[in-house]
Amino acid sequence: MVGALARTPPLFSLFIKIPLPLISRNSRCIFRTTIHFPKPKLTPTSTDNFSVDKRLHLCTLALSNDSPSRSASAPLVSNKSKRKARRESPEGLLKHKLDMCSRHGHLVEALRLYDEARSRGLPLSLHHYNVLLYLCSSNGGADDDGVGLKRGFEIFRQMVDDKVVPNETTFTSAARLAAAAEDPEMAFHLVKQMKGLGIPPKLRSYGPALFGFCKKGEADRAYEVDAHMVESKVIAEEPEISALLKVSSDSSKGDKVYEMLHRLRISVRQVSESTSGVVEEWFMSEEAANVGMESWDVEKVREGVVRGGGGWHGQGWLGSGNWKVVRTRMDEAGTCSCCGQKLVSIDIDPKETENFATSLSKLASQKEVKADFFQFKEWLQKHGPFDAVIDGANVGLINLHNFSFSQLNTLVNRLRQMSPSKRLPLVILHTNRVTGGPAQNPKNKKLLESWKKAGALYAAPAGSNDDWYWLYAAVNSKCLLVTNDEMRDHLFQLLGTNFFPRWKEKHQVRMSVSRQGLALHMPPPYSIVIQESEDGRWHVPTTTGDDIETPRQWLCATRATTNTK
């Protein structure tokens, strides 16, 4: 251990001053952490233009390199032998045991292993410390004596003494320890220090500070954390916006509540049950009844609606007096069964669709064999565009154990009748569906051949994910997509854009099969998103419902409007 520290380069010196917290059941301490990275004194062999990341990388390599350099005459050792030696070394065995503790949440055993390693003088790596800090932060304050919390800060201080360079995981765990100690100030301070190290904070890094301030009702401090997130290009998700919405409501900050509702509209669209409760609580509050304009410029509001693309105006609270909040549903035309307000369909910018198709193609080419997907794009350019695209595997298995070409063909014929051009829709099937199993039936063979000749069938190649093919075809053709796939798994999360839910809402056709036959459920003629009307009403869609059998629930908030001008 001493030898390792002796080799620490002068390139980057780390000093962290943390008083070891004394925590009892009846008292809490406020912790303050200061991490100083003084400007390095460069030697003639140093390089001025090294980035912080490079310097941290070099420092980490130096700290983790505990073995002397191999001389030129030493025998070569295979990578397999090196890996085995690392696994069977004391450090490797400790890593394995700590990983098992992390997997099963065994804090006490992990602390015992840590104490044993310290007594033996065993050097600990960044991974060792991160596992220990994760366990302490996950259990901090959960037990009667606060063992995780006390030992977590002790281990963090020891890590600094050992000159092990922290990373984002380290800081996040430390911030969680601070949150467990009910000290969001320290958690926020740690996040700020990350940027000085060149470590980009993640959303999880901000959580302890943001939720901590919100829990304490310190709205202004929570807004500071939110602003820091925006500055760091970290996008808040529903839990963070919901927490900001609640602290704004509890603090009677009507303008901030208005802002948060619009942020939910943009980034979340449909809110969870917990968030809908926060929204409902706001509208039922005394402060909500007190905010709003008794008169407003109708033309200015309408201009705001047009400028925003429909569904909102952004001019502030309209109307005055108490709100009436109810749970409601929309009919097929988008009319609220409670207040009679008809929701609107918010337009999608054609340029957005074009950009989305380009990014989808790029991502698919990275995940699929590039030549295969390029060949599909060429085929689509030759045979498209189509009026509808069918996820063949999904449709052929609806309510069935075995794939049904008959069910798929019924849908194909139905869509052809609906098509303005009377053209066959495009059927995307994996090549295994086209060549094996039921496809060998003479009747099905004939059906597949007819689709192929008409340029209405594409077989995704072996080893591919046919989801990329039917999604890209539908986006590229700007047409309907028939699938009951909710498109919520990891593949679709990779798209990383709020455009995809809007596109899916307007293009996905779902299907049900019953004794009465096949039924198509077309896209709604209105947008399923938080909507603010021109006369001040609000409609908030929830995630309760949203399938064929159970209609989606909405929150309807209205009040008696007064004079306009």
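The values are calculated or read from the model by the stated rules, or taken from the named source; none is laboratory data. All values derive from a computational prediction rather than experimental measurement. Because the Cβ atoms are built from the backbone with ideal geometry, glycine has one as well, and the counts that use them run over all protein chains shown. Remember, those area values only see protein heavy atoms, side chains included, never the ligands or the DNA or RNA. Shrake-Rupley method; radii C 1.70, N 1.55, O 1.52, S 1.80 Å.
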Probe 1.4 Å, heavy atoms of protein chains only: per residue, the accessible area of region 112-183 in Å² is 35 Å²
Mean Cβ count within 10 Å, highest first, over the residues of peptides 264-273, 350-359: 264-273, 350-359
Accessible surface ranking that places the most exposed of Tyr129, Tyr526 first, with a 1.4 angstrom probe: Tyr526, Tyr129
Share of carbon and sulfur in the accessible heavy-atom surface of region 114-252 [1.4 Å probe, %]: 49 percent
Counting only protein heavy atoms with a 1.4 Å probe and every protein chain in place, the carbon and sulfur fraction of the accessible surface of region 263-419 in whole percent equals 47 percent
Along the Cα→Cβ direction, 7 angstrom out, place labels at Glu182 and Arg120. What is the inter-label distance in nm? 4.0 nm
Which peptide among 304-314, 278-288, 77-87 comes first, and what is the full order, when sorted by highest mean count of other Cβ atoms within 10 Å? 278-288, 304-314, 77-87
Quick check for you: with a 1.4 Å probe and neighbouring chains kept, what is the accessible area per residue of region 228-298, in Å²? 45 Å²
Cα-based shape type of region 409-558, given that a ≥ b ≥ c are square roots of the gyration tensor eigenvalues and the cut on a/c is 1.5: prolate
Using the structure shown, select from Lys351/Lys504; Lys202/Lys233; Lys382/Lys478; Lys422/Lys506; Lys256/Lys300; Lys195/Lys233 the pairs with a Cα to Cα distance greater than 18 angstrom. Lys422/Lys506; Lys256/Lys300
With a 1.4 Å probe and all protein chains left in place, how much accessible area per residue does region 389-465 have, in Å²? 52 Å²
Partner aspartates and glutamates for Lys192 [C-alpha distance under 19 Å; skip if fewer than 8 residues away on the same chain]: Asp53, Glu168, Glu182, Asp183, Glu218, Asp220, Glu224, Asp226, Glu231, Glu240
Express the relative contact order of region 469-547 as a whole percentage, based on alpha carbon pairs under 8 Å and six or more residues apart in sequence. 21 percent
Which whole-angstrom value gives the distance between the alpha carbon centres of region 186-219 and region 467-494? 36 Å
